[in-house]
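Peer 1: Okay, handing you the structure first.
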Amino acid sequence: MSPGSALTPPPAADSFRAAMSNPKKAAHLHASGDLSGARIAIVMMSAIGDAVHTLPVVNSLRAAAPDCKLTWVIQPGPHALVAGHPAVDEFVLFDRKRGLRAYRDVARATAGRSFDLVIALQVYLKAGLVTRFLRSPRKLGFDRARARDANWLFTTERIAPRGQRHVQDQYFEFLEHLGVPPLLEWRLGPTAAERTRYEGTLPRDGRPTVAFVVGTSKPAKEWPAERYAALADRLAFAGMKTVLVGGRSPRELAAAEAIRGAAQYPPLNLLEWDLRKLVYLLDRVDVLVSPDTGPLHVGVALGTPTVSLMGYTNPRRVGPYRRFHDLMIDAYGDPGEDYPVSAEYRPGRMERITVDEVAAKVELALERYSRSGVSER
């Protein structure tokens, strides 16, 4: 659905504020999906993948109410990915490293003002406490069954109860509740200035470039380093160039060293803390190979053909959303298993994924999808 379809002209902002002073009119206004002039706060503080899933919500709200005021409470890590996003008016940083002072920082940043609506997308206790501190007559959160850490205590209104769904679909339930048409749009791609800044990072040499994401927040989600090394050699023999992308955590650096040490044709090490540089790289490569971690969802959002390696986490809940399912390797389920959407972890499944399977998916990605090297997104 395009931003211009199924939208009606919003009333003036002063009409909105007048309606908000009347509870019955306010209820009708919100039920109709008209949030013109509203001051809206979104609480989604981590992690990178969740921030990517939040962007379609932000873009949908902006398209439905161009004159609303959008504030996003977020941690510094994912903020580095979305800072400067055109649909967000203001970011309020919650730095958990500051402990209790982080809550005081949010309170100070929002002191003396209130919001017409708070959208509580995160269900952890720290996010619930932030929601509690924000001044608003209307705080929308998950239904009680899905609100972990008693987060339903911090909201005044809840979306309809449903079973587990893909995380992106769950976020879209908030738009459905508000009567806002959902837009599957991220607007995450590199800016012209970023393209210029990072231009020399990955020069093209005529060979297809395949990026590997080698580290995650949980070791059980990772694919063995020796198989990445074997895959790098296999792809090099087929005339491809491979690179390592992601952050520079100890786990990622150790994995990169192991891969490069075991490969006859070592991948180029482009591990970097700069998340906008990562966006540039993922937008530029021809294929991405990644387990379930933040860069996987960044790649999918950018439209980069993504071979997702799923074993520890349920792909029906956290896998690639509506794109590149033909490139996904599902080791989470047993052969023929119709497993439900759930948050259950299945350790030991990533080792089921073979080098042959991944190499075949990379070849399929190059055959089926072509890249211009320029993102719309």
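The values are calculated or read from the model by the stated rules, or taken from the named source; none is laboratory data. These numbers were taken from a predicted model, which means no experiment stands behind them. Cβ sites come from the backbone with ideal geometry, for glycine too, and all protein chains shown count toward neighbours. When the accessible area is computed, the model is the full protein with side chains, heavy atoms only, and any ligands, DNA or RNA have been set aside. Shrake-Rupley method; radii C 1.70, N 1.55, O 1.52, S 1.80 Å.
Peer 1: Just want to confirm a number: the relative contact order over the chain, from Cα pairs under 8 angstrom separated by 6+ residues, in percent. Before the final figure, lay out the partial values.
Peer 2: Working: 732 pairs, mean separation 53.0, N = 377.
Once divided by the residue count of the chain, the mean separation gives 14 percent.
Peer 1: Looking only at 163, 336, 37, which one moves most when the chain is put into a Gaussian network model with springs between Cα atoms under 10 Å?
Peer 2: 336
Peer 1: Report the GluC sites (Glu not before Pro) located in the stretch 329-361 that are in a DSSP loop and have at most 14 other Cβ atoms inside 10 Å of their Cβ, or state none.
Peer 2: Values: sites: 337, 344, 351, 357; in loops: 337, 344.
Those satisfying the criteria are 337, 344.
Peer 1: A follow-up question, please. At 1.4 Å probe size, what's the solvent-accessible area of residue 240? Round to the nearest 10 Å².
Peer 2: It works out to around 20 Å².
Peer 1: Can you flag which of 97/221; 126/241; 221/241; 69/277; 97/361 are past 31 Å Cα-Cα? Intermediate values should be presented prior to the final figure.
Peer 2: Values: 97/221 25 Å; 126/241 43 Å; 221/241 25 Å; 69/277 28 Å; 97/361 40 Å.
Pairs exceeding 31 Å: 126/241; 97/361.
Peer 1: Size of the dipole of the chain about the Cα centre, Lys and Arg at +1 and Asp and Glu at -1 on the beta carbon, nothing else charged, in debye to 20?
Peer 2: Values: 51 positive and 41 negative charges, 282 e Å.
That gives the chain a dipole magnitude of about 1360 debye.
Peer 1: With +1 on the Cβ of every Lys and Arg and -1 on the Cβ of every Asp and Glu, and nothing else charged, how large is the dipole of the stretch 287-345 about its Cα centre, in debye rounded to the nearest 20?
Peer 2: Details: 4 positive and 7 negative charges, 68 e Å.
Around 320 debye, computed over the stretch 287-345.
Peer 1: Averaged per residue, what accessible surface does the stretch 117-235 expose to a 1.4 Å probe, in Å²?
Peer 2: Values: 5140 Å² over 119 residues.
On a per-residue basis, 43 Å².
Peer 1: With +1 on each Lys and Arg Cβ and -1 on each Asp and Glu Cβ, and nothing else charged, work out how big the dipole of the stretch 263-305 is about its Cα centre, in Debye to the nearest 20. Don't skip to the end; give the middle numbers.
Peer 2: Working: 3 positive and 5 negative charges, 16 e Å.
Here the size comes out at about 80 debye.
Peer 1: Where the accessible area of the chain is counted over protein heavy atoms with a 1.4 Å probe, how much of it, in %, is carbon and sulfur?
Peer 2: The value for the chain is 53 percent carbon and sulfur by accessible area.
Peer 1: Per q in 0.18, 0.24 Å⁻¹, report the Debye log10 I(q)/I(0) for the stretch 200-313, using one uniform scatterer on each alpha carbon and no solvent.
Peer 2: The Debye formula, applied to the Cα set alone, gives -0.85, -1.59.
Peer 1: When only DSSP loop residues count, what GluC sites (Glu not before Pro) in the stretch 191-223 have their Cβ near at most 14 other Cβ atoms within 10 Å?
Peer 2: Listed in order of number, the matching sites are 199.
Peer 1: Computed on alpha carbon atoms, what radius of gyration and Dmax characterise the stretch 286-377, expressed in Å?
Peer 2: Rg then Dmax for the stretch 286-377, in Å: 13.1, 39.
Peer 1: Continuing with the same structure: Can you tell me the convex hull volume per residue for the stretch 187-251, based on C-alpha atoms, in Å³ to the nearest whole number?
Peer 2: On the way: hull volume 8.5 nm³, N = 65.
That works out to 131 Å³ per residue.
Peer 1: Roughly how much of residue 223 is accessible, in Å² to the nearest 10, using a 1.4 Å probe?
Peer 2: Ignoring ligands and nucleic acids, residue 223 comes out at about 10 Å².
Peer 1: If you take the charge dipole of the chain about its Cα centre, with +1 on Lys and Arg Cβ and -1 on Asp and Glu Cβ, which of 285, 184, 130 is farthest toward its positive end?
Peer 2: 130
Peer 1: Considering the dipole of the chain built from charges on the beta carbon (Lys and Arg +1, Asp and Glu -1) around the Cα centre, which of 91, 79, 332 is farthest to its positive end?
Peer 2: 91
Peer 1: Please work out the Cα center distance from the stretch 136-155 to the stretch 56-124, rounded to the nearest Å.
Peer 2: Rounded to whole Å, the Cα centres lie 17 Å apart.
Peer 1: How charged is the neighbourhood of residue 156? Take every other residue with its Cβ under 15 Å from the Cβ of residue 156, and add Lys/Arg as +1 and Asp/Glu as -1.
Peer 2: Working: positive: 132, 135, 138, 139, 144, 158; negative: 116, 143, 157.
The answer is +3.
Peer 1: What are the semi-axes of the equivalent ellipsoid for the chain, taken as the square roots of 5 times the Cα gyration tensor eigenvalues, largest first, in whole Å? Please report the intermediate quantities before stating the final value.
Peer 2: Values: eigenvalues 300, 92, 78 Å².
Semi-axes, largest first: 39, 21, 20 Å.
Peer 1: If the elastic network links every pair of Cα atoms under 10 Å, which of 288, 366, 302 fluctuates the most in the Gaussian network model of the chain?
Peer 2: Sorting by GNM fluctuation, first place goes to 366.
Peer 1: Using a Gaussian network model of the chain with C-alpha springs under 10 Å, which one of 258, 211, 51 is most mobile by mean-square fluctuation?
Peer 2: Looking only at 258, 211, 51, the largest GNM fluctuation is found for 258.
Peer 1: Positive end of the dipole of the chain, charges at C-beta (+1 Lys, Arg; -1 Asp, Glu), about the Cα centre: which of 42, 238, 220 has its Cα farthest in that direction?
Peer 2: Towards the positive end, the residue furthest out is 42.
Peer 1: Which distance in Å, rounded to a whole number, links the C-alpha centroids of the stretch 262-326 and the stretch 164-211?
Peer 2: 11 Å
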